[in-house]
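Below is one structure, written out as structure tokens, with a few remarks after it.
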Amino acid sequence: MPELPEVETTRRGIEPHILGRQISAVEVRQSRLRYPVPADLARKLTGKTVRSVTRRGKYLLLDTGGLQLLIHLGMSGSLRITDSSQPPRKHDHLDIRFGDKLLRFHDPRRFGLVLLLDAAPEEHALLASLGPEPLSEAFDTDYLYRLSRHRKVAIKNLIMNSHVVVGVGNIYASEALFLSGIHPARAAQRISRARYAKLVQAIRKVLQQAIDEGGTTLRDFVREQGQPGYFARRLNVYGKAGDACPRCGSVILTRTIGQRSSFYCSRCQK
DNA sequence: ACAGTAACCTGTTTGC
DNA sequence: TGCAAACAGGTTACTG
């Protein structure tokens, strides 16, 4: 579910509720996520104060002073701010309690994760080999063009590879390729530098616009108070097989690329 | 190093 | 209507 815009929306949503606040209790109802939730999570976090709420790719990091809580929402995860009067629903696996308030982790498919890291989270195996942030200066035409040389992989798979660039998932990959006029199955090595310049700009643009709209809600993404994100109305191709291309009017096609559904206009994208 | 596939899990939609 | 298959926004592990 959540790609970079949804995770950033979540970060911005929860930060004002938990920054500077002390953790009074932690309740784990389901520890079997992608990796087991650490058995000593409650013991180690209780009494700590949240010093910062940051994001790296699709990971959220809550720094409690030398101890970092690492959270990933997987395909179906969400975080909400609620209170003790709300009984946990099915799949509400974990609560971080701040006195009267709760930060509640919900994840039906359990592809998400909650881990504790020491003081150098960027050195942890899950974070160490991540590519640059797409909205940072490090992600530019030269970088992506150089990486693409001699690579036969479909361009859609390349930009969804978190070792190449973080945060671009199945929705925004399709959208960015539509905006830049590149066919999602085109081999990465067979795209010109000029077209990579367009692609980099398209990725930045679509992610920034989605953040501005609070992310994309298709089925289950919700913001910190349960609100939807409104970027779904801006989607050009994702989920729109059979519809008319908003640019040229020909029919939007779908096809599986790298085990994921892809949506594109065969007239606008070559 | 790179590319392709299976696997993790539950809920909802689709098709016979 | 009922049931089974297919599909869903992510990532890693394994294979060749």
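Quick rundown of the values:
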| read-out | value |
| --- | --- |
| Some residue of the range A:5-25 being acidic (Asp, Glu) and closer than 13 Å to residue A:73 by Cα | yes |
| Selection within the range A:214-236 - more than 12 Å from DNA strand C (Cβ to nearest atom) and either outside any loop (DSSP other than H, G, I, E, B) or in contact (Cβ under 8 Å) with a residue 24 or more places away in the chain (or both) | A:224, A:225, A:226, A:233, A:234, A:236 |
| Qualifying residue in the range A:35-56 (condition: within 16 Å of DNA strand B (Cβ to nearest atom) and not aromatic (Phe, Trp, Tyr)) | yes |
| Residue list for the range A:100-116, filter: surrounded by fewer than 19 Cβ atoms within 10 Å (Cβ to Cβ) and modelled with pLDDT of 95 or more | A:101, A:108, A:109, A:110, A:111, A:116 |
| Residues (within 12 Å of DNA strand C (Cβ to nearest atom), assigned to a loop (DSSP other than H, G, I, E, B) and touching a residue at least 40 places away in the same chain (Cβ under 8 Å)) located in the range A:240-270 | A:258 |
| Residue match in the range A:159-166 (condition: closer than 18 Å to residue A:256 by Cβ, within 16 Å of DNA strand C (Cβ to nearest atom) and either in contact with a Ser or Thr (Cβ under 8 Å, 6 or more places away or on another chain) or part of a helix (DSSP H, G or I) (or both)) | yes |
| Residue identified as in contact (Cβ under 8 Å) with a residue 24 or more places away in the chain, surrounded by 14 or more Cβ atoms within 10 Å (Cβ to Cβ), part of a loop (DSSP other than H, G, I, E, B) and out of contact with any helix residue (DSSP H, G or I) (no Cβ under 8 Å at 6 or more places or on another chain) among A:66, A:131 | A:131 |
| Scan of the range A:132-177 for residues that are within 11 Å of DNA strand B (Cβ to nearest atom), within 17 Å of residue A:56 (Cα to Cα) and not aliphatic (A, V, I, L, M), ordered by number | A:161, A:163 |
| Test result for residue A:210, away from DNA strand B (no atom under 16 Å from the Cβ) and crowded, with 17+ Cβ neighbours inside 10 Å | yes |
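The values are calculated or read from the model by the stated rules, or taken from the named source; none is laboratory data. Just so it is clear, the structure is predicted and the values come from calculations on it, not from any experiment. Neighbour counts run over all protein chains shown; Cβ positions are idealised from the backbone, glycine included.
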